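The values are calculated or read from the model by the stated rules, or taken from the named source; none is laboratory data. What you see is a predicted model; the values in this text were computed from it and never measured. Virtual Cβ from ideal backbone geometry, glycine too; neighbours counted across all protein chains shown.
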Amino acid sequence: MIETGTGRWVVLVVRIPATPSRHRVAVWRELRRIGAVSLGQGAWLAPDVPVFAEGITRATELARRGAGEVLVLDAVGRGETDAGRLGELFTAERQDEWLEFIADCGKFDAEIDKEIGKAKFTLAELEEEEQSLERLRRWHRDLKARDVFGAPAAADADVQLKHCTERLEDYTLRVFAALHQM
């Protein structure tokens with residue numbers, strides 16, 4: 001994690017022809033995937049830290065493929081207020097992502113409860129739940145990598161992922177026990 005006081009940012013100004021739209025969408029998706037924050041029409045912001053560099057390069061290449069361009073600018077807030085506001089914008093986006101992650105952990109927990117309630121202890125169901133947990137782990141890892149300022153919900157997300165892991169371990173034991181009673 002870096003301190004918000006470092007204040008170094010990358011601003012991307014993206015210009016891509018409107019048609020075909022697939023190029024604009026590809027760049028938009030890449031910038032969202034890496035955690036860049038939209039500042040408005042074609043302007044994006046990311047902290048100037050290595051974890052974002054590869055995604056910025058990919059977005060730039062995608063724009064070029066679509067006959068567009070990305071101007072990549074080094075930036076700092078003009079004053080403490082501006083620098084702080086940029087950090088707030090970035091952290092607010094990470095906070096929203098963490099809250100969505102936590103909600104999905106709740107869905108995973110509810111799914112395990114449902115399967116236990118129905119006594120559905122099959123290998124197929126176990127495999128499905130393992131895939132769901134693996135998706136949560138990948139998502140958590142990706143969020144952790146781009147949450148360079150430490151959004152408040154990150155700690156709760158860590159706890160929720162651990163809880164989901166424990167729930168799957170318990171469900172796995174139940175499946176094992178059910179299959180070996182035959």
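The single condition among (1) in contact with a Phe, Trp or Tyr (Cβ under 7 Å, 6 or more places away or on another chain); (2) under 30 Å from Gly87 (Cβ atoms) that Ile112 does not meet is (2). When segment 43-91 is filtered for residues that are of a type outside the set (A, V, I, L, M, F, W, C), touching a residue at least 24 places away in the same chain (Cβ under 8 Å) and more than 18 Å from Arg15 (Cβ to Cβ), the ones remaining, listed by number, are Pro47, Asp48, Gly55, Asp74, Gly77, Gly84, Gly87, Thr91.
Could we say that Leu173 is under 27 Å from the mean Cα position of the chain (by Cα) and not charged (D, E, K, R) here?
On the way: under 27 Å from the mean Cα position of the chain (by Cα): no; not charged (D, E, K, R): yes.
Judged against the criteria, Leu173 is not a match.
Checked across segment 132-140, the condition of being under 22 Å from Ala177 (Cβ atoms) and of a type in the set (D, E, K, R) holds for no residue. In this structure, is His163 outside the structural domain of Glu61 (by TED's automatic domain parsing), under 22 Å from the mean Cα position of the chain (by Cα) and more than 22 Å from Val51 (Cβ to Cβ)? Against the criterion (outside the structural domain of Glu61 (by TED's automatic domain parsing), under 22 Å from the mean Cα position of the chain (by Cα) and more than 22 Å from Val51 (Cβ to Cβ)), His163 qualifies. Residues that are farther than 17 Å from Val72 by Cβ and among the polar types (S, T, N, Q) were ranked within segment 12-40; the one that is nearest to the chain's Cα centre (by Cα) is Ser21.
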